[in-house]
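Take a look at the structure below.
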């Protein structure tokens, strides 16, 4: 094995971690993969023998790449405060444990310490530097002294960036119940009530201040932001038909649903459950994005139907 092959092997050991960092920074699985690949190109051109802490070096490089991408988005009006209120980041979907199919190592790493769509939605409202400081420090324990050069600020100022982001996240992102069995119980009850048109039962399962966010992409009328249990239930009639074709899945490590119509993904929904009630629902119904995110193997693992 020559030096380049050995370097590539060492890089692959860090790939799952790097993709997890990039996904939290960007909320896009394809862009996260591109950022990780760019970090490999930078490593392959660098003097790797001078890199004493490869994991730390790569994390810093990926962070810088993601920061540049976020700033580019902001300049195009696609990021931070300009992001549509109905935008839902890319979901990470896999079959529930016990179903056919197993997660690949990268997917498993993302799910081990998963971040929910509700949190990613809040992260999208942060400025690029705030997001970088919060993600690297609070989620991956990178010291502020290492983050400061990336955002071109002093360590004390970088600490303030993370502190502001932390307050925003604490105020806006609901903390879910970590008990997956309890999550499943509530989600199953919600789907059963939706299928049966049992609107009183739906009200009992929803927090009074529940938020429902649906992202339908470019299709007019599909995207909406609904607040309050009564308002969510009022729109549940349109969900009843789709609920008949739903399957329970893991969405970013939480129990959620995927609707499959005519063999194609129709929607993916994440439910944030707290104290036995649903406090937030994020639904991606952008069929173009779903087609790109969900391959035939994932659909087969979720539905239990063999691929051709």
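Restricted to region 260-276, and to residues there that are part of a loop (DSSP other than H, G, I, E, B) and free of Cβ contacts under 8 Å to residues at least 60 places away in the same chain, the residue that is surrounded by the fewest Cβ atoms within 10 Å (Cβ to Cβ) is 262. Tell me, yes or no, whether region 234-243 has at least one residue that is modelled with pLDDT of 95 or more, surrounded by 14 or more Cβ atoms within 10 Å (Cβ to Cβ) and more than 22 Å from residue 87 (Cβ to Cβ). The answer is no; no qualifying residue exists.
For every residue, the table says whether it meets (1) outside the structural domain of residue 275 (by TED's automatic domain parsing); (2) on the phi > 0 side of the Ramachandran plot; (3) not in a helix (DSSP H, G or I).
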residue: 146; (1), (2), (3): yes, no, no
residue: 158; (1), (2), (3): yes, no, no
residue: 165; (1), (2), (3): yes, no, no
residue: 185; (1), (2), (3): no, no, no
residue: 188; (1), (2), (3): no, no, no
residue: 192; (1), (2), (3): no, no, no
residue: 203; (1), (2), (3): no, no, no
residue: 207; (1), (2), (3): no, no, yes
residue: 211; (1), (2), (3): no, no, yes
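For region 92-119, filtered to residues that are farther than 18 Å from residue 135 by Cβ and crowded, with 21+ Cβ neighbours inside 10 Å, the residue that is modelled with the highest pLDDT is 93. So for region 23-32 (the condition being buried (at least 24 other Cβ atoms within 10 Å of the Cβ), without any contact (Cβ under 8 Å) to a residue 40 or more places away in the chain and over 23 Å from residue 282 (Cβ atoms)), does at least one residue qualify? No, because not a single residue in region 23-32 is buried (at least 24 other Cβ atoms within 10 Å of the Cβ), without any contact (Cβ under 8 Å) to a residue 40 or more places away in the chain and over 23 Å from residue 282 (Cβ atoms). Residues considered: 128, 178. Of these, the only one that is more than 20 Å from residue 208 (Cα to Cα) and modelled with pLDDT of 95 or more is 128. Do we have any residue at all in region 192-205 that's under 23 Å from residue 19 (Cβ atoms), in contact with a helix residue (DSSP H, G or I) (Cβ under 7 Å, 6 or more places away or on another chain) and surrounded by 14 or more Cβ atoms within 10 Å (Cβ to Cβ)? No: zero hits.
The values are calculated or read from the model by the stated rules, or taken from the named source; none is laboratory data. Not measured: the values here are computed from a predicted model. Neighbour counts run over all protein chains shown; Cβ positions are idealised from the backbone, glycine included.
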